[in-house]
Every structure is written in structure tokens, then in C-alpha cells.
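Scroll down for the structure; my scribbles are underneath it.
The values are calculated or read from the model by the stated rules, or taken from the named source; none is laboratory data. No experiment lies behind these values; they were computed from the predicted model shown. Using ideal geometry, Cβ is built from the backbone for each residue, glycine included, and neighbour counts are taken over all protein chains shown.
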Ligand code: SF4
């Protein structure tokens, strides 16, 4: 990343982390993927039951590989045939890995979902939710966060999963109600009632979509 751009994000991270702290969400700044991996592994207790909901950012920083190789019980939902069982197992996990579709400069997290397994696990169930969020997800405010989720993240994910939605063919949201819609549920996380349950690692590089 360009040096000035990296400096801007490093400066902005203090505001975001302060905003998250005001919402009972513990946050860490990791300038690089390597730093993010170290921080994540320091937060996940050995022996923990860990799972995730399609978190490309956790894959990109090498966290999923490290957890699969390490002394953890990694629940690989893709390897479980019974999708309902995999979904229910996630609610009882010690740690749930996720990214966010957007994060505002004052620390509000925005996530959209088709099946709602991810947003429901973020809202309730797993003992800890660990977000890995690249700086490309930062938006100035809630309105722009919702727009990013619908106009950037969703079209890319719809294309990634080969879904038949207007955004997968145009690249922009048409506020559809198509059977493949991945914007069925929109979760705005503005406060965590349970201290320590939600943690965020903000990473100084682009990750995910
Ligand atoms: S077109 Fe449909 S699936 Fe695509 S972003 Fe809009 S609401 Fe979501």
C-alpha cells in the first residue's frame, strides 16, 4: 500500500478503535496481515471450538489454515453435509470468525446476509465473535456503510457464488426480491451488551470484498 495511504489509515484507526470501545467492542490495529494473524492467535484460546461464516478475510491473513493446523477444534462448515447441523454448531462455538461488509469511522458494523446464518451468529450465540476487517471496508458513516454493503460487497459476493441477482450482472444493487437475493437480512451492530464478546482486528490493508 502507498505510504501516505497507509499513514492515513493508521491515523484513522485510533478514531475507529475509540468508537468501537464506546460500543463495548474491543479492537486492535494490525498494520499488516502478519500482525493481524499474530493478534488473532493471541485472542483465540487453545482448544477453542472455532467456526466461521464465509470470512474471506480470515482466510487471506492465514488464520483459517493456522487454526486448522493448531490445537483448536475447527468446525469446517463446508465439510459438514448437514447444513442445519453446521449452522446450529456455530451458535454454540467458542469463537466465530467474521468480517464485516462495512465499518463506519465511529465503529458501527454493517453486515448483510441471504441465509442469515452469519448475521444471526454475530447477533447471538457464539461466546466470542472475532471480526477481521480490512481498511477497504471503512466508510464515513452509516448511510455510506449500507451503500457499500449493497453496492460493493453484495454484487461481488453474488458473482462469487454464481447467484442469479440483478447485481451479479450489472455490478450495482437493484433492491431486488429475487430468489437468490443475498440482502435478506441487514444487521447493524451499534453496541455489544456483553463486554468482550465482540472483538475487532482492523487490518491496514485491503481484505475480502
Ligand atoms: S440486487 Fe439484490 S442481491 Fe444484489 S445487492 Fe441488491 S438487493 Fe442485494
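Points to keep in mind about this one:
- Sole exception among (1) surrounded by 17 or more Cβ atoms within 10 Å (Cβ to Cβ); (2) more than 19 Å from the chain's Cα centre (by Cα); (3) more than 24 Å from residue 117 (Cα to Cα) for residue 4, by number: (1)
- Residue 10 being within 23 Å of residue 106 (Cα to Cα) and out of contact with any helix residue (DSSP H, G or I) (no Cβ under 8 Å at 6 or more places or on another chain): yes
- Considering the range 83-118, the residues that are in contact with a helix residue (DSSP H, G or I) (Cβ under 9 Å, 6 or more places away or on another chain) and farther than 30 Å from residue 139 by Cβ include one that is surrounded by the most Cβ atoms within 10 Å (Cβ to Cβ), namely 86.
- Test: residue in the range 168-182 that is loosely packed, with under 13 Cβ neighbours inside 10 Å and more than 16 Å from the ligand (Cβ to nearest atom): no
- Of the helices (runs of 4 or more DSSP H) lying entirely inside the range 117-172, those containing at least 1 residues that are touching a strand residue (DSSP E or B) at 6+ places or on another chain (Cβ under 9 Å) and either at negative phi or at pLDDT below 95 (or both) are 117-123, 142-148, 154-160.
- Identity of the residue in the range 191-209, closer than 19 Å to residue 146 by Cβ and surrounded by 14 or more Cβ atoms within 10 Å (Cβ to Cβ), that ends up farthest from the ligand (Cβ to nearest atom): 200
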